[in-house]
1. With θ set to phi - 60° and the Karplus curve 6.51 cos²θ - 1.76 cosθ + 1.60, what are the ³J(HN,Hα) couplings of the range 209-214 in order, to the nearest whole Hz, using x for Gly and Pro?
2. Taking θ = phi - 60°, what integer Hz values does the Karplus form 6.51 cos²θ - 1.76 cosθ + 1.60 yield along the range 295-312, in sequence order, with x for Gly and Pro?
3. Given q = 0.08 Å⁻¹, what are the Debye log10 I(q)/I(0) values for the chain, with equal point scatterers placed on the Cα positions and solvent ignored?
4. Could you state the number of Å between the C-alpha centres of the range 325-351 and the range 175-219?
5. Non-local amide H neighbours of L526 (under 5 Å, H modeled in plane, Pro and chain starts lacking H): which ones?
6. Applying a 10 Å radius around every beta-carbon, put 84-93, 232-241 in order of their mean neighbour count, most first.
7. Give, as a single signed number, the net charge of other residues whose beta carbon lies under 14 Å from the beta carbon of C367, with Lys and Arg counted +1 and Asp and Glu -1.
8. Mind giving me the FRET efficiency for R68 and A441? R0 is 51 Å, r the Cβ-Cβ distance, nearest 0.05 is fine.
Amino acid sequence: QFFVFCHGLLQLSQLLVSGYLKSSISTIERRYGLSSQTSGLLASFNEVGNTLLIVFLSYLGSRVHRPRLIGAGALLVSLAGFLMALPHFITGPYHYDQSLPSTFSNSTDLCQPGAQGAGANLSDASCAPHASRENHEVLLVMFVAQALLGIGGVPIQPFGISYIDDFASERNSPLYLGILFSVTIIGPGVAFMLGSAMLRFYVDIDKVSTAEVQLTNKDPRWVGAWWLGFLVAASMVALSALPYFFFPREMPKEGRHSQAGFPAVLLRNLRHPVYLLVVLAQVNLCAMVAGLATFMGKFLERQFSLTASLANMIIGAVNIPGATVGIVVGGAILKRFRMSLRQCSALCVLGMLLCLLTAFPLLFLGCPTQRVAGVTYWDSPALGPQDSACSARCRCPQRGFNPICGSDGVEYMSPCSAGCSDVSTRPDSSILNYTGCSCIAGPGGSARPGSCGSGCSHLFVPFVVLSCLAGILASTTHTPSFMLILRSIQPEDKSFAVGIQFMLLRVLAWMPGPVLYGSAIDSSCLLWERRCERRAACRYYDNSLFRQRYLGLQFFFEVGAF
């Protein structure tokens, strides 16, 4: 029981490291100018190191000192966590376009008709030669850290599961594994809560004083302290690793088993129809979860105009606990009714059918794209034939990005592109509003800083309730499907079969999943930020396309699992 406790703690902190990346992914995209395809690849890259080793380690199974290997793997995971935070310390401070001169720069993105070269804005200046080299270094460090994270994680789950299943009684084993699996799901939940807490701090909290930061965390240019969480999580893993070096190699052992060769065992498992079908169903479910976990925060931010911090809070406090409840309920039903294998599969089918029915309406719950002058909205005077009069005289920089919301309900990409010439500030030097905007219709032509938002917050609660419900229903299939695998194969192949199962889930679901979702999201982008002639992060999405492609993929995998 102490081993189960330690293993729960270790899995929790290991998932804190890998889950935290997903909670801060939209922030890292913005900070380093990454597309969703790149960030999806980064998020799934830890599976690469993992896949290469997992089958062989599982095959070694009971021939090695399992607890010590788990401990060594955990130390690697901890190192990877510290490496993930490194880019923050090797790159300069974060730059963004601003209207008020500051200690960093005396440029402004207001409309200055007379000034020659007023367009020499921050965003043009930011393309120094070192900027692109810095970007490559950041990606290299992060990809290496992710690979190490995968390698370190290899022994943790299969060895822990087989060690427990070997030495627990047949009656208690499902209970212990149920506890571990629910921890496995709580882990990412805690990670999203950690993300929610850390992203409220400004990214350069250690480099600049709070007085110099002109952004609030509701601003589209805001970047939170994504790196802080990695330091917290990595320290936790290092602490959890220590007890493993003191566990015995084995507790009282199950029956002697014949030594079969590696290829023979592999074929025997892959030819087993129940094993294969259950694993395929789990591949579909994992592909769905991989995309959800990686980009759900970003989806909520864009669809319902939430801050990154609030989106993480919702996922960590509502969606993930819901899934945990589902897993525990599934395990409890198994234990209560002592289900046969056939009943287990019936339970899985029922769970998925109900999940499909609750997930379908989600495709229709969402917001239209906000009106952005020159991107989704073409009737503003800023773009008409009188363009010359309206903002041409301002000589706006091509790439400026400091969104403002006009009094006409249209969003403009910068005060300059709306022709605003004046700005009024509050006593604490934060911006109150922009005035004298020649492109904004109506008296006085004023605008407030920040995005206009998508304006359909009333759909947000029904969306969260339905998605949480669908998650509960889908996750009731988790423990019964695992039992189908553990009880339908020969006892001595258990460790190996679980290893193969994890490997197939990684190769077919966790690795391609986030990249697939990321590409689907990128395909709904309307306007890309450019950095040094390189396509960077997406500024505006077509909200309806984003929703249909993102949730459509999710629904597709749910049907596959069913």
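The values are calculated or read from the model by the stated rules, or taken from the named source; none is laboratory data. The model shown is predicted, which means the values in this text are computed figures rather than measured ones. Ideal geometry is used to build each Cβ from the backbone, glycine not excepted, and the neighbour counts take in all protein chains shown. SASA here: full protein model, heavy atoms, side chains in, ligands and nucleic acids out. Shrake-Rupley method; radii C 1.70, N 1.55, O 1.52, S 1.80 Å.
1. Residue by residue, the range 209-214 yields 7, 4, 5, 7, 7, 8 Hz.
2. Once θ is set to phi - 60°, the couplings for the range 295-312 become 10, 4, x, 4, 4, 5, 4, 7, 5, 10, 6, 9, 6, 4, 5, 5, 4, 5 Hz.
3. -0.57
4. If you average the Cα positions of each part, the centres end up 34 Å apart.
5. Amide H to amide H, under 5 Å and 5 or more residues apart or across chains, L526 pairs with Y540, Y541, D542.
6. Values: 84-93: 16.4, 232-241: 21.1.
Top of the packing list down: 232-241, 84-93.
7. Once all neighbours under 14 Å are counted, the net charge is 0.
8. Details: r = 71 Å, r/R0 = 1.40.
For R68 and A441, the calculated efficiency is 0.10.
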